[in-house]
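**Student:** This is the structure I have questions about; it appears just below.
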Amino acid sequence: MYERLEPRVTVSFPEDEVIPELREGEVVVFEAFFDVGFGFPTSELLVKVLCFYHVDLQQLSPNIVTRLAIFE
C-alpha cells in the first residue's frame, strides 16, 4: 500500500473509532482500494465522478474504483 502514496501523504489508522472522525484535509480510504490499484495522486476523473454524484471516496466499493481505473 505505501508504495502507491506520494511522500507528502501521511497515513493514520483509526484507533477505537467506529465512525471515522476526520480532521480538515483528511480523507477515508480503505486498504482494499490499494489492492485494486488505487493510489495518490488520484485521477481527475475520480474527482469529477465524486463531485458529479455528490459522494465521498469512502462511499465507493473497491469494484467501482477498479472500474473507474479503466478510463484513466
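**Student:** Scan the stretch 8-39 for residues that are among the charged types (D, E, K, R) and within 19 Å of R67 (Cα to Cα) and jot them down.
**Tutor:** Listed by number, the residues that qualify are E31, D35.
**Student:** Follow-up. Show the residue pairs that are 6+ apart or on different chains and have beta-carbon atoms under 8 Å apart, the first residue being within the stretch 21-37 and without any contact (Cβ under 8 Å) to a residue 40 or more places away in the chain, the second being surrounded by fewer than 10 Cβ atoms within 10 Å (Cβ to Cβ) and not in a helix (DSSP H, G or I).
**Tutor:** Close Cβ pairs (under 8 Å, with a partner that is surrounded by fewer than 10 Cβ atoms within 10 Å (Cβ to Cβ) and not in a helix (DSSP H, G or I)) amount to E26/S12.
**Student:** Taking helices (runs of 4 or more DSSP H) that do not extend beyond the stretch 8-72, which have at least 2 residues that are exposed (fewer than 12 other Cβ atoms within 10 Å of the Cβ), out of contact with any His (no Cβ under 8 Å at 6 or more places or on another chain) and modelled with pLDDT of 80 or more?
**Tutor:** Hits in the stretch 8-72: 44-53.
The values are calculated or read from the model by the stated rules, or taken from the named source; none is laboratory data. These figures come from a predicted structure and were not determined experimentally. So basically every Cβ, Gly included, is an ideal-geometry build from the backbone, and we count neighbours across all protein chains shown.
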